[in-house]
1. Does segment 57-72 contain at least one residue that is in contact with a strand residue (DSSP E or B) (Cβ under 6 Å, 6 or more places away or on another chain) and under 24 Å from residue 236 (Cβ atoms)?
2. Please specify each residue of segment 29-59 satisfying the condition of being in a loop (DSSP other than H, G, I, E, B) and touching a helix residue (DSSP H, G or I) at 6+ places or on another chain (Cβ under 8 Å).
3. Suppose we filter segment 218-237 for residues that are assigned to a strand (DSSP E or B) and touching a strand residue (DSSP E or B) at 6+ places or on another chain (Cβ under 7 Å); how many remain?
4. Those residues that are touching a residue at least 40 places away in the same chain (Cβ under 8 Å) and in a strand (DSSP E or B), I need them from segment 174-189; list them, please.
5. Among 83, 87, 105, which is surrounded by 22 or more Cβ atoms within 10 Å (Cβ to Cβ) and either farther than 21 Å from residue 256 by Cβ or modelled with pLDDT under 95 (or both)?
6. Which of the residues spanning segment 24-35 are surrounded by 13 or more Cβ atoms within 10 Å (Cβ to Cβ) and out of contact with any strand residue (DSSP E or B) (no Cβ under 7 Å at 6 or more places or on another chain)?
7. So which of 42, 59, 15 ends up being surrounded by 15 or more Cβ atoms within 10 Å (Cβ to Cβ) and either over 30 Å from residue 275 (Cα atoms) or modelled with pLDDT under 95 (or both)?
8. Inside segment 148-173, can you point out the residues that are surrounded by 12 or more Cβ atoms within 10 Å (Cβ to Cβ) and in a loop (DSSP other than H, G, I, E, B)?
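The values are calculated or read from the model by the stated rules, or taken from the named source; none is laboratory data. Because the structure is a prediction, the values reported are computed rather than measured. Because the Cβ atoms are built from the backbone with ideal geometry, glycine has one as well, and the counts that use them run over all protein chains shown.
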């Protein structure tokens, strides 16, 4: 955030959200792309960090992986870790394709299709991030297995779309683990390289996953917000206008149905049963 404040970007201004969160308001597409490019350049050059994007409807002040949300005890954490381990086993034992690419990508891939894990979803395309900030995910069903998207309507309470700029270490990668990057603080998996394109969704979304590394004494943090390098706001009415209504920025394109996304079809037909602890492979209505 400090690096953004040292620059006077054209067509921007600083605003305060909810009385406590500073955000840089981008007033046109050029400003948004300039900010994104600046953070990518400066953090790669000075800190060996890749900067990626996360679109959100609001600023929460935390960045918690879905597996660890709403828990406060170690016992609850252990229970969820065990449930995730069972989910991974269920998928690996019934879907042969998981034997054909690295196990390091299995958990991130499940996160991308709806399972709660220790990873956080990011994208490497600022327009895709803006789409997520402009659309609301509606989840329903007994085990919350059904999801569809509705476009947000600008109002006094729905004024902005937000993009978090999140950094992950890219100083090192392992030759036999394509798409896997790590450093002292984080791990990053680029699913476009780590998973075959039969899993179409991550390729459609330019999808990556990151997480902070576990500490030897206290384990993995429950909140990864220390990796946020900036927050940009766009007036929701403008953001919707910038995106327009093209097919490439539709739910149908970004969440391809299983008829097109063969990997999604495979996951829907595994022995993975939905649970209240790790969720489900979501059925997305597009």
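1. yes
2. 57
3. Residues meeting the conditions: 8.
4. Hits for segment 174-189 are 180, 181, 186, 188, 189.
5. So the residue among 83, 87, 105 that is surrounded by 22 or more Cβ atoms within 10 Å (Cβ to Cβ) and either farther than 21 Å from residue 256 by Cβ or modelled with pLDDT under 95 (or both) is 87.
6. Those that are surrounded by 13 or more Cβ atoms within 10 Å (Cβ to Cβ) and out of contact with any strand residue (DSSP E or B) (no Cβ under 7 Å at 6 or more places or on another chain): 28, 29, 33, 34.
7. Checking each option against the conditions leaves just 42.
8. Within segment 148-173, 152, 154, 158, 159, 170, 171 qualify.
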